[in-house]
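The values are calculated or read from the model by the stated rules, or taken from the named source; none is laboratory data. Quantities reported herein were computed from a predicted structural model and do not represent experimental measurements. Backbone-built Cβ (ideal geometry, glycine too); neighbour counts: all protein chains shown. Heavy atoms of the whole protein, side chains included, go into the accessibility calculation; ligands, DNA and RNA do not. Shrake-Rupley method; radii C 1.70, N 1.55, O 1.52, S 1.80 Å.
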Amino acid sequence: MPKKLLLLPPLSVSSAFRAPRACPASRPAMNAARTGYRVFSANSTAACTELAKRITERLGAELGKSVVYQETNGETRVEIKESVRGQDIFIIQTIPRDVNTAVMELLIMAYALKTACARNIIGVIPYFPYSKQSKMRKRGSIVCKLLASMLAKAGLTHIITMDLHQKEIQGFFSFPVDNLRASPFLLQYIQEEIPNYRNAVIVAKSPDAAKRAQSYAERLRLGLAVIHGEAQCAELDMDDGRHSPPMVKNATVHPGLELPLMMAKEKPPITVVGDVGGRIAIIVDDIIDDVESFVAAAEILKERGAYKIYVMATHGILSAEAPRLIEESSIDEVVVTNTVPHEVQKLQCPKIKTVDISLILSEAIRRIHNGESMAYLFRNITVDD
């Protein structure tokens, strides 16, 4: 028997190109995912994730799932454990003592998120490393500029940082940089935690820090003092190589070339410009790392009659023997923010106090994600802060 053919009805154009059905409510559309954001920590150690956890708690978000670890051969490996496609990603990286490892963690995580199709990658780096190497020294290099180029190449599109050592560092980057200030938190600490702060005087431990000290003094309506003299070792006094190549004996000089004789730079004896007798001395700076200069300044202020001495700085790196030197010095209290992990140093020296700045970092993250103005975070902030 001949086989019967099953004839199907002709396929109409409207049915062939029918629009797909709408996604159920349980499955969000692709555009909805693009409006989200994630916060990751570029370091898995407990000391470095503390700030990241404080920020996510204020944002009401969870810390992104990732694993950052060192292999047996010393290489850094980063694994992202969730989808980040089309989202704004904020990488929080605090800089511990191993600076180079922290930089590699940040670079590798940024590149991993870039290859995972994140929409924007914003680095939250409260203390920017290598910021002291932002000027040419002898035959060295401007390492801060190199690091800025590496971050851009890795995929970062924006940076949030705090109190750059030199504000001109922002010009090294090819993308936006928000340089937040810690001065409102330190000023609040002075007003609330230092008894009889009206009898205080703001001190700059070198002429280079005078502008910052003046800004603090004007807002607190306090006096100003500046330490000046041979005990200070400022960066500007270092030989920057402009006498290169070195002078050679019996060298031939062009007969028409007569350069003026440069006088050798000689610092005057150490002096304190301003009255600190019978007052509280508050030394302000941006970084406290090697504390020898702060200890020397405290001794001078004690000799001049200051009865209590505070040191306030944004970044408390406190390297090497800093906790022991502070404990044995005339300094009564060192106040720093939590831009850099320093829990071990606090255990070694009870004089070290911490001010939390996670509030302003979390608000900066929220405003950048929502496309809001950052001007509110810079209210009453001067250029010299």
Hits in region 132-145 (condition: under 19 Å from N179 (Cβ atoms) and either without any contact (Cβ under 8 Å) to a residue 40 or more places away in the chain or outside the structural domain of K167 (by the TED database) (or both)): Q133, S134, I142, V143, C144, K145
Search result, residues across region 128-153 that are open to solvent by less than 30 Å² (accessible area, probe 1.4 Å) and either in a loop (DSSP other than H, G, I, E, B) or over 26 Å from H342 (Cβ atoms) (or both): F128, P129, S131, S134
Region 205-217, residues that are touching a residue at least 40 places away in the same chain (Cβ under 8 Å) and either more than 22 Å from the chain's Cα centre (by Cα) or buried (at least 17 other Cβ atoms within 10 Å of the Cβ) (or both): K205, S206, A209, R212, A213, Q214, S215, Y216
Qualifying positions in region 175-189 - open to solvent by 10 Å² or more (accessible area, probe 1.4 Å), part of a loop (DSSP other than H, G, I, E, B) and in contact (Cβ under 8 Å) with a residue 24 or more places away in the chain: R181
Exclusive hit being crowded, with 18+ Cβ neighbours inside 10 Å and part of a helix (DSSP H, G or I), set L156, L164, L106: L106
D384 being surrounded by fewer than 17 Cβ atoms within 10 Å (Cβ to Cβ) and modelled with pLDDT of 95 or more: no
Options Y111, Y127: the member that is in the same structural domain as V78 (by the TED database), in contact (Cβ under 8 Å) with a residue 40 or more places away in the chain and closer than 15 Å to I92 by Cβ: Y127
Pair list, Cβ under 7 Å, 6 or more apart: region 300-321 residue of a type in the set (D, E, K, R), other residue open to solvent by 10 Å² or more (accessible area, probe 1.4 Å) and not in a loop (DSSP other than H, G, I, E, B): R304/V272
Failed criterion for N120 (all others in (1) surrounded by fewer than 17 Cβ atoms within 10 Å (Cβ to Cβ); (2) of a type outside the set (A, V, I, L, M, F, W, C); (3) modelled with pLDDT of 95 or more hold): (1)
Residue within region 289-306 that is assigned to a strand (DSSP E or B), at pLDDT 95 or above and outside the structural domain of K53 (by the TED database) present: no
Within region 67-103, tally of residues that are under 20 Å from the mean Cα position of the chain (by Cα) and either within 18 Å of A46 (Cα to Cα) or at pLDDT below 90 (or both): 12
